[in-house]
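Notes follow once the structure below has been shown.
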Amino acid sequence: MIKKLKERISESFVGKEEVVENVLICLLAGGHVLLEDVPGVGKTTLARTLAKAVACDFGRIQFTPDTLPGDVVGTSVYNMKTGEFTYREGAVMHQILLADEINRTSPKTQASLLEAMAEGQVTVDGKIYKLPDPFMVLATQNPVEFMGTYPLPEAQVDRFMMRLSVGYPDNDAELCMVRNHLSGKMEQETEPLLAADDIVRMKKEVRDIHVSDGVMQYARDIIDLTRHETAFVLGASPRALISLVCASQGRAYLNGRDFVKPDDVKAVSVNTLHHRLTLTSEARIRGEETDRLLSGLILKARIPME
């Protein structure tokens, strides 16, 4: 079913199988994704197609400087007939939420997503409202245009399980996209392959994927190496370790295994950790790159032999 799901999404989102796989890993592992790339590479198409393929409720909110927290989490509205306040749902009350250009809105509005992403609930006027299950945020931001933007603080960036870059498609994939658009295939509705209940069941199965002590120590060693790397301002947090292990479980599940291998940890490490690490000013002057440093640290970690 996972293989068919990837194929179904790739019919509309052409040429980026690795990105699709990583998004599915985050969905099944209960994580959120930060898509950072230039406009027009299909970030919205990916989110919308994913929601349709798994028959989940899809919501999209375009963040602007005047977007308010109430637009995200909802507000209490006074009902003249009953004389009581009733809750009016915000954009967050969807199973798959596309937070478009999240760095264009104010920090207060950005922070309104923290409780939803971390705890699966929102609090409005002292009342707690549970979010639907499954719940996943796919946030996008433009890494090129910085005028009128508010960079995400480290505390919120740390809430995302992975940061992915879609990138430009290759020659054949791009021509295929044009042909599909001209023939009307891009406008066709994606047929659901799974139901939301299936995703909930799969998430429970992912949590049961076995992680041995040796593999868990291997993941922890990678995290510890980032804390001793002088080129980073701060190392990865304990939440990063949890995300790394959960993402490894998701990859093992996608590959049809009920246990995590060191290769699973290694495969998801860069995408899970690089947005949580900040280079020092000296490292940036030297021309260091986070991904290259992180890849070198992963090679230093001792692989368990069991």
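The values are calculated or read from the model by the stated rules, or taken from the named source; none is laboratory data. Predicted model only: the values in this text are computed from it and were never measured. All Cβ positions, glycine included, derive from the backbone under ideal geometry; neighbour counts span all protein chains shown.
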Handout entry: Pair list, Cβ under 8 Å, 6 or more apart: region 191-218 residue not assigned by TED's automatic domain parsing to the domain that holds VAL245, other residue in a helix (DSSP H, G or I) and surrounded by fewer than 17 Cβ atoms within 10 Å (Cβ to Cβ)
Key = LEU193/LYS4
Fill in the blank from the handout: Quick count over region 1-57, residues being in a loop (DSSP other than H, G, I, E, B), closer than 16 Å to GLY250 by Cα and over 14 Å from the mean Cα position of the chain (by Cα), is 1
Exercise for the section: Search region 110-164 for residues being under 16 Å from VAL72 (Cβ atoms) and among the small types (Gly, Ala, Ser), and hand back the single one that is modelled with the highest pLDDT. Expected result: ALA139
Problem - Residues (part of a loop (DSSP other than H, G, I, E, B) and within 20 Å of the chain's Cα centre (by Cα)) located in region 109-135 - result: SER112, LEU113, GLY120, LEU131, PRO132, ASP133, PRO134, PHE135
Practice task
Among the residues of region 1-41, count how many are of a type outside the set (Asp, Glu) and without any contact (Cβ under 8 Å) to a residue 12 or more places away in the chain.
Solution key: 3
Problem - Cβ pairs under 7 Å, 6+ apart, first in region 270-286 and assigned by TED's automatic domain parsing to the domain that holds ARG227, second acidic (Asp, Glu) - result: VAL270/ASP291; HIS274/ASP291; ARG276/ASP158; LEU279/GLU288
Handout entry: Filter result (among the hydrophobic types (A, V, I, L, M, F, W, C) and modelled with pLDDT under 80) within region 183-196
Key = MET186
Exercise for the section: Determine, yes or no, whether LEU138 is surrounded by 19 or more Cβ atoms within 10 Å (Cβ to Cβ), of a type outside the set (Ser, Thr, Tyr) and outside any loop (DSSP other than H, G, I, E, B). Expected result: yes
Practice task
Kindly indicate whether any position in region 78-101 is closer than 21 Å to SER165 by Cα, in the same structural domain as THR149 (by TED's automatic domain parsing), at pLDDT 85 or above and of a type in the set (S, T, N, Q).
Solution key: no
Practice task
Scan LEU175, LEU152 and give me the residue that is assigned to a loop (DSSP other than H, G, I, E, B) and in the same structural domain as GLU89 (by TED's automatic domain parsing).
Solution key: LEU152
